1. When you look at residue 89, is it over 20 Å from residue 5 (Cα atoms) and part of a loop (DSSP other than H, G, I, E, B), yes or no?
2. Of the conditions (1) at pLDDT below 90; (2) in contact with a helix residue (DSSP H, G or I) (Cβ under 7 Å, 6 or more places away or on another chain); (3) part of a helix (DSSP H, G or I), residue 42 satisfies every one except a single condition; which number is it?
3. Among what's in region 234-251 and is out of contact with any strand residue (DSSP E or B) (no Cβ under 6 Å at 6 or more places or on another chain) and in a loop (DSSP other than H, G, I, E, B), pick the residue that is nearest to residue 276 (Cα to Cα).
4. Just a yes or no: is a residue in region 174-194 at pLDDT below 90 and either over 20 Å from residue 277 (Cα atoms) or within 18 Å of the chain's Cα centre (by Cα) (or both)?
5. Answer yes or no: is there a residue in region 97-117 that is out of contact with any strand residue (DSSP E or B) (no Cβ under 8 Å at 6 or more places or on another chain) and outside any helix (DSSP H, G or I).
6. Criterion first (over 19 Å from residue 81 (Cβ atoms) and either at pLDDT below 90 or touching a strand residue (DSSP E or B) at 6+ places or on another chain (Cβ under 6 Å) (or both)) does residue 11 satisfy it?
7. Report yes if some residue within region 219-230 is part of a helix (DSSP H, G or I), in the same structural domain as residue 133 (by TED's automatic domain parsing), within 22 Å of residue 30 (Cα to Cα) and without any contact (Cβ under 8 Å) to a residue 12 or more places away in the chain; otherwise report no.
8. Considering only residues that are surrounded by fewer than 24 Cβ atoms within 10 Å (Cβ to Cβ) and not in a strand (DSSP E or B), which ones fall in region 122-160?
């Protein structure tokens with residue numbers, strides 16, 4: 001009998017669902033993957049609280065995901081929440097609403113655990129024995145960096161820097177003024193500085209970039225008319241290409257960015273700050289190129305809880 005499992009990742013910006021099944025050989029293969037931008041973390045950086053509307057929007061998506069998993073015969077093995085839920089003082093309101101409306105018991109995972117799960121997912125796809133692997137996860141509210149080799153996750157760090165957080169802090173104009181972009185750049189550079197001094201990090205090897213900012217940048221660089229995970233996953237982005245794209249995005253309004261091929265419209269307002277965070281993190285870690293992963297926490301959870 002085929003077994004099916006579901007994992008859900010509730011991020012600051014996006015809620016992601018993975019339904020996978022275990023085949024005859026034990027391998028796990030995707031049946032359904034969905035991503036909805038609800039921006040649970042909107043305003044959290046300034047107020048310290050989850051917005052009631054953001055809670056409502058996110059819980060509505062969770063209820064639909066729960067129904068999707070049940071329809072496909074999958075049991076939800078894990079539903080986790082990350083940066084926004086960690087930071088908010090009223091997180092209990094969200095968790096109670098998720099239980100009532102969606103029947104889900106979401107758990108908050110610390111940044112350190114988020115980094116471990118993302119690294120485990122990346123190693124499955126891109127790890128090579130004897131070659132160091134670094135994984136960069138730029139989210140809406142936090143950014144994680146991990147190093148490891150030989151399937152061992154050796155060192156990791158989680159910082160309070162992200163696409164939503166830095167947009168809300170520093171961007172007001174549309175398009176943003178040069179001074180605003182300078183503040184985003186300076187704040188991102190300072191925020192990721194600890195990455196350059198991480199003890200135990202492994203030099204060399206490959207850098208893998210994970211999460212919506214990186215996958216969106218890859219889709220826009222490829223000018224994909226419709227997002228195609230197979231074309232994004234495993235593609236390469238250079239630091240130069242990211243900086244060129246950031247320069248182009250800086251000249252556009254949010255509406256103009258949203259119309260670009262490959263752009264997720266709901267991400268158009270925060271993608272510029274996200275691109276800058278990615279670029280500064282790459283500089284801090286000494287990489288001039290990254291491999292794009294379309295998988296992240298939800299896949300790490302699947303491997304961790306099922307495989």
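1. Answer is yes for this residue.
2. Result: residue 42 fails condition (3) only.
3. Only one residue fits best here, namely 251.
4. Within region 174-194 (the criterion being at pLDDT below 90 and either over 20 Å from residue 277 (Cα atoms) or within 18 Å of the chain's Cα centre (by Cα) (or both)), the answer is no, since none of the residues qualifies.
5. The answer is yes, given that some residue of region 97-117 is out of contact with any strand residue (DSSP E or B) (no Cβ under 8 Å at 6 or more places or on another chain) and outside any helix (DSSP H, G or I).
6. Judged against the criteria, residue 11 is not a match.
7. yes
8. Listed by number, the residues that qualify are 123, 124, 125, 126, 127, 129, 130, 132, 150, 151, 160.
The values are calculated or read from the model by the stated rules, or taken from the named source; none is laboratory data. Note that the structure is predicted; figures quoted are calculated from it, not measured. Please note: Cβ atoms are built from the backbone with ideal geometry, for glycine as well, and neighbour counts cover all protein chains shown.
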